[in-house]
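Working notes for the structure below.
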Amino acid sequence: MRVAVLSGGVGGARFVRGLVEALPPRDVTVIGNVGDDVEVLGLRVSPDLDSLLYALAGLHDEERGWGRSGETWHALETVAALGGESWFRLGDRDLGLHLVRTQALRDGERLSVVTARLAAALGLNARILPATDDELRTWLDTPAGSFPFQEWFVARGHRDEVDAVRFAGEAAPAPGVLEALAAADAILVAPSNPYVSIWPILAVQGIRGALAARRVPCVAVSPLVGGRAVKGPADRMLARMAGGTTPAHVASCYEGLIDALVVDESDPAGELAVRRVVTRTLMTDLAASRRLAESVLEAVA
Ligand code: GDP
Ligand code: CA
């Protein structure tokens, strides 16, 4: 079975790690969010693509939830000591990847091509595609003003309530994205933040259309467990923008685009416009990620 999976960073990467245990990695194409991408210290950082690369290569830091394990921070300490821009956490090991990507982009390589090269260099067999090679950036409208994603998330610690999410930039699907969606036997939406991880992917002209016109099942996994986010602001955003944190509120983020929603046993019952699949969705370790992936694949089989 070939699958295409829409994914953000941490929650998405945890899920995709299980997916490539449950399926031959060659049959998995990940379509990753680039709305969080940012220029820091002259470097081009793609946090969600990097979370996917690191997780699939087994280089990720399980506890921190982002970045690399065994990380050190000497370069950033030097930056701070010299009065440079140090609000965005870039570890020494992580920096190596950003240097390679930034140089490649500066030389005119497309993001999808660099990403494929990085994945191959890390020995990955699954395909990781950015949703787009074009510049598409997520903006948050809050009572304190409008902020680009990383300014809201990292610099301000995502404490501002969000009234609306916007996407700046005209973006076409990266080469391979529409082909992967067309070739897939099932389309999956990872347990990522709907607003700031999945919506930016769906904001790409063509991707939303492909999902709306799908001929194969599309199943989303809820990022909430018992109505609460495992990490991050998804629950607060749902409460404010969708009016609640039940499975129905999560499903409303994907109206017309999914056929089923996978929710946790601890989530509230109640009416749902799509098929409900109930299982344990907390990915405490690789075995749990794999079990969740298997349940999702069973639901689309
Ligand atoms: P980000 O781009 O790094 O913020 O990552 P994502 O958007 O992909 O993932 C963030 C979401 O993952 C949060 O809303 C979490 O609630 C969710 N998440 C993290 N771990 C788990 C888990 O074990 N199970 C489920 N169901 N969701 C999770
Ligand atoms: Ca992200």
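For region 220-238, check the following and say yes or no: at least one residue is more than 27 Å from Ala131 (Cα to Cα), without any contact (Cβ under 8 Å) to a residue 60 or more places away in the chain and surrounded by 17 or more Cβ atoms within 10 Å (Cβ to Cβ). Yes; the residues of region 220-238 include at least one that is more than 27 Å from Ala131 (Cα to Cα), without any contact (Cβ under 8 Å) to a residue 60 or more places away in the chain and surrounded by 17 or more Cβ atoms within 10 Å (Cβ to Cβ).
Arg110 meets the conditions (1) out of contact with any Ser or Thr (no Cβ under 9 Å at 6 or more places or on another chain); (2) within 13 Å of ligand 1 (Cβ to nearest atom); (3) within 21 Å of Phe167 (Cβ to Cβ); (4) not aliphatic (A, V, I, L, M) in every case but one. The failed one is (2).
Each residue in region 131-175 was checked for being assigned to a strand (DSSP E or B) and among the aromatic types (Phe, Trp, Tyr), and 3 pass. Considering region 212-297, the qualifying strands (runs of 3 or more DSSP E), each wholly inside and each with 2 or more residues that are away from ligand 1 (no atom under 12 Å from the Cβ) and not aromatic (Phe, Trp, Tyr), run over 218-221, 275-279. You will find that of Trp139, Trp152, the residue that is within 15 Å of ligand 2 (Cβ to nearest atom), aromatic (Phe, Trp, Tyr) and surrounded by fewer than 19 Cβ atoms within 10 Å (Cβ to Cβ) is Trp139 and no other.
The residues of region 93-111 that are charged (D, E, K, R) and out of contact with any Lys or Arg (no Cβ under 9 Å at 6 or more places or on another chain), listed by number, are Asp107, Arg110. The set of residues from region 252-269 being surrounded by 17 or more Cβ atoms within 10 Å (Cβ to Cβ) and touching a Ser or Thr at 6+ places or on another chain (Cβ under 8 Å) comprises Leu261, Val262, Val263, Asp264, Asp267. Scanning region 176-232 for residues that are touching a helix residue (DSSP H, G or I) at 6+ places or on another chain (Cβ under 8 Å), among the basic types (Lys, Arg) and either closer than 18 Å to Arg137 by Cβ or away from ligand 2 (no atom under 16 Å from the Cβ) (or both) turns up Arg208, Arg214, Arg228.
A search for C-beta distances below 9 Å between a residue of region 85-109 that is free of Cβ contacts under 8 Å to residues at least 24 places away in the same chain and any residue that is of a type in the set (Asp, Glu) and part of a helix (DSSP H, G or I), counting only pairs 6+ apart in sequence or on different chains, returns Ser86/Glu77.
Among the residues of region 155-165, those that are loosely packed, with under 14 Cβ neighbours inside 10 Å and in contact with a Leu (Cβ under 9 Å, 6 or more places away or on another chain) comprise Asp163, Ala164. The set of residues in region 81-100 being of a type outside the set (Lys, Arg) and farther than 18 Å from Glu39 by Cβ consists of Ala81, Leu82, Gly83, Asp92. Name the residue, out of Ala104, Ala119, that is of a type in the set (Gly, Ala, Ser), more than 18 Å from Gly35 (Cα to Cα) and buried (at least 21 other Cβ atoms within 10 Å of the Cβ). Result of the check over Ala104, Ala119: Ala119.
Any read-out appearing in this document is the output of simple, stated calculations on the displayed coordinates, not a laboratory observation. Computed from a predicted structure; not experimentally measured. Don't worry about glycine lacking a Cβ; one is built from the backbone with ideal geometry, like all the others, and counts go over all protein chains shown.
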